[in-house]
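Q: Mind looking over this structure? Questions follow.
The values are calculated or read from the model by the stated rules, or taken from the named source; none is laboratory data. Since this is a predicted model, take the numbers as computed values, not measurements. Using ideal geometry, Cβ is built from the backbone for each residue, glycine included, and neighbour counts are taken over all protein chains shown. These area figures cover heavy atoms from the full protein model, side chains too; ligands, DNA and RNA do not enter into them. Shrake-Rupley method; radii C 1.70, N 1.55, O 1.52, S 1.80 Å.
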Amino acid sequence: MRNIFSILPFLTFILFSFIPSAAWACACGCGIFDVGTSSMFPSGQGGTVFAEYDFMDQNHNWSKSSKASTDNNDDKRIRTSFINTGAQYMFNRSWGIQIELPYDHRYFKTTDDDTGDIVHFSHSAVGDMRIQGIYTGLSPDMSTGLTFGFKVPTGDWTYPNFDRDTELGTGSTDALLGAYHRGAITSDNSFSYFIQDNLDQPFLTQGGYLPGTENDAALGAYYNGWSVAGVKITPVAEILNSYRSRDRGWAAHPTDSGYERVLLSPGLELDFKRVMVYADVEFPVYQYMNGNQLVASALYKVSVSYMF
C-alpha cells in the first residue's frame, strides 16, 4: 500500500489541476467514454488497432441534483450509438501517436417549435477526429504518460433537424490534453490501480456555437491474478468524474447546458495474447445539471484491440 500513498500528491494534482473555470464539446457527454480505458495505456514499442462501441440512452429529464418533470424539457429522448475506430503506435518507449475517428448514429425526439407536436429524427454521420501525441518518457516502465493534440471538425454539425448541442459534430477545433499514471497496490502486482484525466478545450468555432470546456477523470483498480485456458481475466472497478461548463454563442443554450456528474463503473478485461476485449457499464451516482437536461440511467462501453 505504500506505493499508493507515496504517489497521492501527484494523483491529486492530476485530478484537480485541469478542472476548467471557463465555458465543453459534446452536449451528450460522450467524452466520458475516453477515460477509464486502462487497456489502451501503452506498455512498449509497437502498434495497436482498436474498435469501440459506446451506447447512451438519455430519456430522463434532470434539473440540478434531482429528476424533474418531462414537461419542463422540450427534448424527450436522445439515443446514441458511438462507433469509434483508431490506431495507436509507439515509435519507441517515449513517443507515440494515436488517431481516432468515430461514426455515430443518433435518434432525437423533441417538440416542434412551431406546432408543439412531438417529432423524432435519426441521423448517422462521421464524428470529430482526434489526433494525439503520446509521451511516456517520465518513468522507465512507461507507467506515467501525457497525451496532447487536437480534435478537428470532421463531424457533421449542420444536420437541419438537430440543435447545435445535439449535432454529431461540434464544428469546433479543440485542444486536447491528458495525463495518466498506473501503479501497484500490492508488492506482487496482483492488485493495481490507474488514474487518468482528459481536458478538451475548444478554441476555434463555427456557426455561433462555442462548446464549453470538458474535463473527464477516472480512478480505477484491477486484479491481475486470474487466468483460464490461457485467457487472462481482469476485473476492473472505477470511479469517474465528468465536468462541463455552459455553452456560449447565439446558437447555444447556456441556461440548459453544463453539469457535473460522478459515475461508478464495474468492468472486465479479457486478454487473448495479442487480442484484448474490454467492457464496462457506467452508473451515475451523482448528477448536477444546469437548467433541464436529458440524462441516461447507464452508459455502456465495449472495445476490442489488437496489438502488433
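Q: Over the chain, with the other protein chains present, what is the accessible area per residue in square angstrom, probe 1.4 angstrom?
A: Per residue, the chain has an accessible area of 45 Å².
Q: Please tell me the relative contact order of region 75-222 in percent, rounded to the nearest whole number, where contacts are Cα pairs under 8 Å and at least six residues apart.
A: Once normalised by length, the contact order is 16 percent.
Q: Filter the trypsin sites (Lys or Arg not before Pro) in region 219-308 down to the DSSP loop ones having no more than 16 other Cβ atoms within 10 Å, then list what survives. Show your work: numbers first, answer last.
A: Working: sites: LYS232, ARG244, ARG246, ARG248, ARG261, LYS273, ARG274, LYS301; in loops: ARG246, LYS273, ARG274.
The qualifying sites are LYS273, ARG274.
Q: Let me ask something else about it. Ranked from highest to lowest mean number of other Cβ atoms within 10 Å per residue, what is the order of the peptides 50-61, 181-192, 107-118, 207-218?
A: For the peptides 50-61, 181-192, 107-118, 207-218, the packing ranking is 207-218, 50-61, 181-192, 107-118.
Q: Ignoring ligands, DNA and RNA, what percent of the 1.4 Å accessible area of region 34-82 is carbon and sulfur?
A: On the way: 910 of 2160 Å².
Reported share for carbon and sulfur atoms: 42 percent.
Q: Still on this structure, please answer the following. log10 I(q)/I(0), Debye, Cα-only region 157-296, no solvent, q = 0.10, 0.14, 0.16 Å⁻¹?
A: Log10 of I(q)/I(0), two decimals: -0.48, -0.81, -0.94.
Q: Cα-Cα over 31 Å: which of LYS273/LYS301; LYS76/LYS232; LYS109/LYS232? List each step's numbers first, then the result.
A: Numbers: LYS273/LYS301 21 Å; LYS76/LYS232 42 Å; LYS109/LYS232 42 Å.
Long pairs (Cα-Cα over 31 Å): LYS76/LYS232; LYS109/LYS232.
Q: For region 147-271, what's the relative contact order in percent, using C-alpha pairs closer than 8 Å and at least 6 residues apart?
A: Values: 296 pairs, mean separation 23.5, N = 125.
Worked out over region 147-271, it gives 19 percent.
Q: Moving on. As I understand it, the dipole of the chain uses +1 on the Cβ of Lys and Arg and -1 on the Cβ of Asp and Glu, about the Cα centre. Which of PHE150, ALA175, PHE308 lies farthest toward its positive end?
A: Positive-most Cα among the choices belongs to PHE308.
Q: Residue-wise, which Karplus ³J(HN,Hα) couplings in Hz belong to region 202-213, taking 6.51 cos²θ - 1.76 cosθ + 1.60, θ = phi - 60°, and x for glycine or proline?
A: My calculation for region 202-213 gives x, 9, 10, 10, 9, x, x, 10, 10, x, x, 9 Hz in order.
Q: Give me the aspartates and glutamates in straight-line cross-link reach of LYS64: C-alpha distance below 15 Å, same-chain residues under 8 apart excluded.
A: ASP256, GLU260
Q: Take the solvent-accessible surface of the protein heavy atoms, probe 1.4 Å, and return the percent of it on region 133-230 that carbon and sulfur atoms account for.
A: Carbon and sulfur together cover 62 percent of it.
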